[in-house]
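Heads up: the structure comes next, in structure tokens.
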Amino acid sequence: MTTISSQITSMQNQTTYNNLNKQLTSAADATEDSQMFLTLMLQQLQNQDPTEPTSNTEWLAQLAQYSSLEQMTQMNQGLEDCMSYLSAFYNDTAANSEITQTLSLIGKEVTIKIPKDLNDPKSEEKTIKGTVSEASFEEGSGKVKVDGEYYSIANIISVRDKSLES
């Protein structure tokens, strides 16, 4: 059970690290864009024709457009962060669901269909019935132990609870 918990913790830590790294990169880009706009605006002020200066209305319109653009960029970043969080939540929930589903198979009688090995022309499709004695997780996938062999839960075609039969 410790390995399952450590796998979940590892996945959550990696997701948090990736989200934080993305936020830091986006914040640096936004700051750079703001600095560039203000630098260009100051250059425009310094180099304008003194006989025909730009009107206050034009400056206010440019500042309003810049402010609006900055707010839309922040809102877009907020939505991206929200989507990233929801995606990570969905992935964690799916992983937890598979873990719960795999663990619930212990003690149940299952029928497993083993597909034909495409690399071996002599192999045939097999069906195995047995009771699940153990569950494990390898390479992010649930596996069950039946009659001493491990099988992927993706190959299970039926599950039966023998304790409910009378």
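Any read-out appearing in this document is the output of simple, stated calculations on the displayed coordinates, not a laboratory observation. As the structure is a computational prediction, the values presented were derived from the model and not from experiment. Positions of Cβ are generated from backbone atoms using ideal geometry, with glycine treated the same way; all protein chains shown enter the neighbour counts.
For the pair residue 76 and residue 56, what calculated FRET efficiency results from E = 1/(1 + (r/R0)^6), where r is the Cβ-Cβ distance and R0 = 25 Å, to the nearest 0.05?
0.25
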Quiz item: Residue by residue through the range 71-88, which ³J(HN,Hα) values in whole Hz follow from phi under the Karplus form 6.51 cos²θ - 1.76 cosθ + 1.60 (θ = phi - 60°), with glycine and proline marked x?
Solution: 5, 5, 5, 5, 5, 4, 4, x, 5, 4, 4, 4, 5, 5, 5, 5, 5, 5
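What number, in percent, do you get for the relative contact order of the range 64-166 if the mean sequence gap of Cα pairs under 8 Å and at least 6 apart is divided by its residue count?
In percent, rounded to a whole number, it is 24.
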Quiz item: Separation of the range 107-166 and the range 27-95 by C-alpha centroid, Å?
Solution: 56
Quiz item: Relative contact order (percent) for the range 104-164, with alpha-carbon contacts under 8 angstrom and 6 or more residues of separation?
Solution: 38
Quiz item: Could you give the length gained on full extension between residue 117 and residue 35, defined as 0.36 nm per residue of separation minus the Cα-Cα distance, in nm?
Solution: 23.4 nm
Practice problem: Quick one: order 162, 143, 122, 116 by neighbouring beta-carbon count within 10 Å, fewest to most. | Solution: 122, 162, 116, 143
Practice problem: Note the full-extension length gain between residue 67 and residue 160 as 0.36 nm times their separation in residues minus their Cα-Cα distance, in nm to one decimal. | Solution: 27.2 nm
Quiz item: Hey, got a sec? Which GluC sites (Glu not before Pro) in the range 77-166 land in a DSSP loop and have at most 12 other Cβ atoms within 10 Å?
Solution: 124, 125, 139, 165
Quiz item: Roughly what % of Cα-Cα distances in the range 104-164 sit above 20 Å, to the whole percent?
Solution: 27
Quiz item: Under 19 Å from the Cα of residue 122, which lysines turn up, not counting those fewer than eight places away in the same chain?
Solution: 113
Quiz item: What FRET efficiency do you get for residue 133 and residue 89 if R0 is 35 Å and r is their Cβ-Cβ distance, rounded to the nearest 0.05?
Solution: 0.60
Quiz item: Which listed residue (148, 164, 114) has the Cα farthest towards the positive end of the charge dipole for the range 104-164, taking +1 on Lys and Arg C-beta and -1 on Asp and Glu C-beta about the Cα centre?
Solution: 164
